[in-house]
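Heads up, the thing below is written out as C-alpha cells.
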Amino acid sequence: MNPKEKLLWSIAFPGFGQMLNGKYFKGILFILLEFVINVQSHFNEVIMLSFNGEIEKTFARTEYQWLMFYPCVYFFAMWDAYKDAGGDKEPYSFLPFVSSAYLVTVGLIPEIRN
C-alpha cells in the first residue's frame, strides 16, 4: 500500500492507518481516543439532532471542551499514518494537516455558548 491509501484509511477512522503500518499500539490508542472523545462530546447524538433540525438541542447537548479536542486527534492520526508510510518526503507535507486541525478547532469557538 502506498502512503495515500493509508491516509485514506486513517480518514475513514483514526487508527486504521497505524494498524496497516504495523504500529498496533498507536493504532489502538487512536481508536480509543476517538471513541472516548466521540462519547464524551456526544458527537453522534448532536449530528443526529442537527440532521433532524433540532438546532437548539444540538447546541445544548454538545460538550465543546471534548469536541474541540477531536480535530487535533483526527488530523494528527491522519498525518502520523501518512508519515509512517513514507509520505513525508516532500518538504512541508505536514502543513495541510496542521492547518486543517487549527482551522477546524478555531471554527468551533464561535459555536460555544454559555
Conditions (1) at pLDDT 95 or above; (2) among the β-branched types (Val, Ile, Thr); (3) within 18 Å of Ser100 (Cα to Cα): number failed by Val36:
(3)
Any residue in region 64-76 that is modelled with pLDDT of 90 or more sitting within a Cβ distance under 7 Å of a residue that is part of a loop (DSSP other than H, G, I, E, B)? List the pairs, counting only those 6 or more apart or interchain.
Val73/Pro14; Tyr74/Pro14
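Mind checking which residues of region 31-53 are touching an Asp or Glu at 6+ places or on another chain (Cβ under 8 Å) and either open to solvent by less than 50 Å² (accessible area, probe 1.4 Å) or not polar (S, T, N, Q) (or both)? It would help to see each step written out before you state the result.
Narrowing region 31-53 to residues touching an Asp or Glu at 6+ places or on another chain (Cβ under 8 Å): 40-42.
Hits for region 31-53 are Ser41, His42.
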Applying the selection to region 6-17, what residues are touching a residue at least 24 places away in the same chain (Cβ under 8 Å), farther than 9 Å from Ile31 by Cβ and not small (Gly, Ala, Ser)?
Lys6, Leu7, Trp9, Ile11
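With in a helix (DSSP H, G or I), open to solvent by 70 Å² or more (accessible area, probe 1.4 Å) and on the phi < 0 side of the Ramachandran plot as the only criterion, which of Pro71, Pro91, Pro110 stands out?
When all the criteria are applied, what remains is Pro110.
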Which residue out of Phe25, Phe35, Phe30 is over 15 Å from the mean Cα position of the chain (by Cα) and in a helix (DSSP H, G or I)?
Phe25
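Within region 10-22, track down each residue that is in a helix (DSSP H, G or I) and either open to solvent by 70 Å² or more (accessible area, probe 1.4 Å) or of a type in the set (A, V, I, L, M, F, W, C) (or both).
First pass over region 10-22, keeping only residues in a helix (DSSP H, G or I): 10-12, 16-20.
Within region 10-22, Ile11, Ala12, Phe16, Met19, Leu20 qualify.
Can you tell which of Gly53, Gly27 is among the small types (Gly, Ala, Ser), closer than 13 Å to Ser10 by Cβ and free of Cβ contacts under 8 Å to residues at least 24 places away in the same chain?
Details: Gly53 fails: closer than 13 Å to Ser10 by Cβ.
Going through Gly53, Gly27 in turn, just one is among the small types (Gly, Ala, Ser), closer than 13 Å to Ser10 by Cβ and free of Cβ contacts under 8 Å to residues at least 24 places away in the same chain: Gly27.
The values are calculated or read from the model by the stated rules, or taken from the named source; none is laboratory data. Not measured: the values here are computed from a predicted model. Positions of Cβ are generated from backbone atoms using ideal geometry, with glycine treated the same way; all protein chains shown enter the neighbour counts. We work out accessible area using only protein heavy atoms, side chains counted, and drop any ligands, DNA or RNA first. Shrake-Rupley method; radii C 1.70, N 1.55, O 1.52, S 1.80 Å.
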